[in-house]
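To keep things clear, I will list the structure first and then write my remarks on it.
The values are calculated or read from the model by the stated rules, or taken from the named source; none is laboratory data. Since this is a predicted model, take the numbers as computed values, not measurements. Virtual Cβ from ideal backbone geometry, glycine too; neighbours counted across all protein chains shown. Only protein heavy atoms, including side chains, enter the accessible area calculation; ligands, DNA and RNA are left aside. Shrake-Rupley method; radii C 1.70, N 1.55, O 1.52, S 1.80 Å.
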Amino acid sequence: MTLLEGTAIDLAPATSELLAQRAVEARKLVIDMAASPRGCHLGGSLSVLDILIAALHRAGSHDGTQVVLSKGHAAAGLYAALYVSGILPENPAPLYGQLGHPYTGHPGPKVPGVLFPTGSLGHGVPYAAGWALARRIGGRTGLGIAIAGDGELQEGLVWETCQVAAAQQLGNFVLVVDRNGGQNDGLVQDISPLPNLAERFAAFGFETAEVDGHDLTALTGVLRADRSGARRPLAVIADTVKGKGVPAVEGKPGSHYVTIDAARAAKWKRMIR
Amino acid sequence: MTLSGRDAYRDELTRLAADDPDIVCLEADLGGKGHPFQAAHPDRFFNLGIAEGAMIDMAAGLAVAGYKPFVSTFAPFAALRAAESLKLTLGYLAAGVTVVAPYAGVSGAWFGTTHHCLEDLAILRSIPGVTIAAPYGEAETRAVVRAAVESGRPHYIRTGRNALYDSLPVDSAGIAGVELPSVTWEHRGTPGSTCLVSVGEEGTRLALAARELRPELAHAHLTYLDHARLALAAPELAAEHTRFTVVEEHRQEGGVAEALALLLPGCHITGVNAGHSWPTQGGDHHEVMGQLGLDLPAVLAALPNH
C-alpha cells in the first residue's frame, strides 16, 4: 500500500469484527438471492461484498461520502450490504426480483441508499466523480466512491472519467476496483487483460493503493482519510476472489451468474464464516 | 441586434447564475474561447474536455448533490455519443440536468455528416420525462433557459450554430416563471386553410418565408417537442385546423410530423423534413439543407394550391 494524501479522521467506533459479522450475514443473503427463481450474479456479488461494507461504513460517518456500485450486476451484493449496514430497512432477499419491489437485477434509485442507476458498465464512475465535484464546489467534505469491476475497466467511459478526474484534481474521488479476475464470458486475462493496472492509474495522475479486497481492516484503513485537501484522485485496487466464501465456486468464472435450489443454498450458507 | 441560439443560451445562463449559486456550467471542449459564464463565474465553469458521456453522468452527480448543471456540446455528440448517459441521467434518474445542444440538424453544414444531427429528436422523444425544446430566436431561447432553471426537470434544448433569427412575438416570453405556450400562433389563417407547423430555427424560418408567399396559410410554431407537450398542443391545433404541414430540420422518423399524426388521427398531416438521404457535399447550412430537399420550394410544393 502506498502512502496516501489526506488526513485520517475519527470514525464512529466500529470494529473490524462488527464489519466481519456484517459480511457473513450479507453473504448468506446473497446466497438466498441466488436461490430465488431469478438467480443472481453470485460470483461478483460475493467478491465485492467486503469492499461495499467498508465503503458503506465510511459513508456511515455522515460526512457527505456517497458510494456508487458501478458494477451494477452485483446488485444482490449491494442490497445485502445496504441491509446489513442499516441503510436498507427491509430484508431484500425474499423480495429480490419480485413484482412490486425495487430489487431488480441491476440497481435503480428506488432502492434506499442507491443514488444512481447502474448496470450499463462504466456509468457509475462518472456519477461518483460528479458527486465528488459537487462536494468540492461547495467546500464540503466527503468522498465520491465508485466501485467498479476489473472487467468493467474495459469500458472507455471509465478512462474518460479518470482523465477528467485527474484534470479537475478531484482528490475526493475514489475508484475502488474489485479485481476478481472474472467477467461474464470467462477470465479477464483471457478476454482483455489489464497488465500494470496500478501503473495505468498512476499514469493518469491517480494515487494508487493495492489491498486485499477481503481484509476489512485494510479496506477501512484506505478509505478513512479526509481527502478534501487532496489534489489527486485515488485508485484502490482490491484483489478479491470471485464467489468468495463459497468453496464450491470460489475463483471460478462460472460463478458469474448462478441459480441454485434451496437445499444447496442451505448447504452453502452453513459454510459461510 | 439579436443573438444566435447558442449565444443567447450562454448569455442568459451567465445572467441567471449571478443570482443563483447552484447553477454550474459544463462544456466538452466546444464552448469556445471567451465563454461569458467562465469569465463571470470561473469557480462554477468546467471544461471537462472531450468526454461527453462522462460530462453528462457527472452532471447527474452534481444534480443529485443539489446543483443545477447545464451541459453543452454539439448535438450529434450529446444525442448520439452520449445517448445512454441521457437515458440514465435525464430519463431514468430524472436528474435536473439541462443539455444544450447546438449544431442540430445540418447547421454544421460543410463540416460533414459527423457534425450533422438529424436524429436527436427521435432519440430524446423516446426517453420519457425529458422536456425537449427547440427555440426560435433570442427571446424564446432565453425563456426556455429560464424555464429550465426554474423547473429542476431534465431538459434537452436544441439550437443551431451561429445563425440569427428575429424572435416571434410571445407575450409570456419575458415573464419569469411563465412557460411558453404549447402553441405560438404566428398567424391563425382563414377557416379551412392549411396550417404550417414550424419546428426549430430553420423550420420556423421556412414557414415564415412560405407565409410571405402564401399569406392565407396559418402558421403555428411549436417550441416544446416532447410527447407530453405535443399532447397539449395537438388539441389546440385541431381546434382550428384539420390540415397540417410540419416543417422540421430532422428526419421524418421520430420527428414532430410523425408524432402529430399519431396524436391527431382525424387530421391530414404531411411533413417537409430531411428525408432519408445523407449529404455528401460541402456548402453552407442552406445549401446542405437544399441537398436534403429541405428548402422553400419543397415547402411550397408540399402545400395544396387552394
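Numerical summary
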{"item": "Among residues of the stretch A:85-137, those that are within 14 Å of another protein chain (Cβ to nearest Cβ), free of Cβ contacts under 8 Å to residues at least 24 places away in the same chain and either open to solvent by 30 Å² or more (accessible area, probe 1.4 Å) or among the β-branched types (Val, Ile, Thr) (or both), counted", "result": "4"}
{"item": "Lone qualifier among A:Val188, A:Val211 - being β-branched (Val, Ile, Thr), touching a Gly at 6+ places or on another chain (Cβ under 6 Å) and under 20 Å from A:Gly251 (Cβ atoms)", "result": "A:Val188"}
{"item": "Total residues in the stretch A:203-247, condition free of Cβ contacts under 8 Å to residues at least 60 places away in the same chain and buried (at least 21 other Cβ atoms within 10 Å of the Cβ)", "result": "1"}
{"item": "Every residue from the stretch B:178-222 that is under 28 Å from B:Ile127 (Cβ atoms), open to solvent by less than 60 Å² (accessible area, probe 1.4 Å), in contact with a helix residue (DSSP H, G or I) (Cβ under 6 Å, 6 or more places away or on another chain) and not hydrophobic (A, V, I, L, M, F, W, C)", "result": "B:Ser182, B:Ser198, B:His221"}
{"item": "Residue, nearest to the other protein chains (Cβ to nearest Cβ), within the stretch B:105-117, restricted to residues that are of a type outside the set (Ser, Thr, Tyr) and touching a His at 6+ places or on another chain (Cβ under 8 Å)", "result": "B:Gly108"}
{"item": "Qualifying position, being open to solvent by less than 20 Å² (accessible area, probe 1.4 Å), under 21 Å from the mean Cα position of the chain (by Cα) and farther than 20 Å from A:Ala128 by Cβ, among A:Gly182, A:Gly251", "result": "A:Gly182"}
{"item": "Search result, residues across the stretch B:272-284 that are open to solvent by 30 Å² or more (accessible area, probe 1.4 Å) and touching a Phe, Trp or Tyr at 6+ places or on another chain (Cβ under 9 Å)", "result": "B:Gln281, B:Gly282, B:Asp284"}
{"item": "Within the stretch B:1-27, tally of residues that are part of a helix (DSSP H, G or I) and within 17 Å of the chain's Cα centre (by Cα)", "result": "8"}
{"item": "Cβ pairs under 6 Å, 6+ apart, first in the stretch B:100-112 and under 19 Å from B:Ala28 (Cα atoms), second of a type in the set (Val, Ile, Thr)", "result": "B:Val100/B:Ile157; B:Pro102/B:Thr159"}
{"item": "Selected residue (only one of B:Leu263, B:Leu232 is at pLDDT 95 or above, open to solvent by 40 Å² or more (accessible area, probe 1.4 Å) and farther than 27 Å from B:Arg142 by Cα)", "result": "B:Leu263"}
{"item": "Qualifying residue in the stretch A:188-198 (condition: open to solvent by 10 Å² or more (accessible area, probe 1.4 Å), touching a strand residue (DSSP E or B) at 6+ places or on another chain (Cβ under 7 Å) and of a type in the set (Gly, Ala, Ser))", "result": "yes"}
{"item": "Number of positions in the stretch B:34-73 that are of a type in the set (A, V, I, L, M), in contact with a strand residue (DSSP E or B) (Cβ under 8 Å, 6 or more places away or on another chain) and in a loop (DSSP other than H, G, I, E, B)", "result": "1"}
{"item": "Top-ranked residue of the stretch B:53-74 - restricted to ones that are within 14 Å of A:Phe116 (Cβ to Cβ) and β-branched (Val, Ile, Thr), ranked as nearest to the other protein chains (Cβ to nearest Cβ)", "result": "B:Val64"}
{"item": "Extreme residue, most open to solvent (accessible area, probe 1.4 Å), among residues of the stretch A:9-35 that are at pLDDT below 95 and outside any helix (DSSP H, G or I)", "result": "A:Asp10"}
{"item": "Subset tally (residues that are in contact with an Asp or Glu (Cβ under 6 Å, 6 or more places away or on another chain) and in contact (Cβ under 8 Å) with a residue 40 or more places away in the chain) for the stretch B:79-88", "result": "1"}
{"item": "Verdict on B:Tyr92 being within 14 Å of another protein chain (Cβ to nearest Cβ), open to solvent by 10 Å² or more (accessible area, probe 1.4 Å), farther than 30 Å from A:Gly139 by Cβ and among the hydroxyl-bearing types (Ser, Thr, Tyr)", "result": "yes"}
{"item": "Of all residues making up the stretch A:159-175, the number that are within 9 Å of chain B (Cβ to nearest Cβ) and surrounded by fewer than 24 Cβ atoms within 10 Å (Cβ to Cβ)", "result": "4"}
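Here is a yes/no grid of residues against (1) under 16 Å from the mean Cα position of the chain (by Cα); (2) in a loop (DSSP other than H, G, I, E, B); (3) aliphatic (A, V, I, L, M); (4) closer than 19 Å to B:Leu230 by Cα:
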position	(1), (2), (3), (4)
B:Ile123	yes, no, yes, yes
B:Ile127	yes, yes, yes, yes
B:Tyr136	yes, yes, no, yes
B:Ala139	yes, no, yes, no
B:Val144	yes, no, yes, yes
B:Ala147	yes, no, yes, yes
B:Gly160	yes, yes, no, no
B:Asp166	yes, yes, no, no
B:Pro169	no, yes, no, no
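Okay, residues lined up against (1) in contact (Cβ under 8 Å) with a residue 12 or more places away in the chain; (2) of a type in the set (A, V, I, L, M, F, W, C); (3) more than 14 Å from chain A (Cβ to nearest Cβ); (4) open to solvent by less than 60 Å² (accessible area, probe 1.4 Å):
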| residue | (1), (2), (3), (4) |
| --- | --- |
| B:Thr2 | yes, no, yes, yes |
| B:Gly5 | yes, no, yes, yes |
| B:Ala18 | yes, yes, yes, no |
| B:Ala28 | yes, yes, no, yes |
| B:Gly34 | no, no, yes, no |
| B:Ala51 | yes, yes, no, yes |
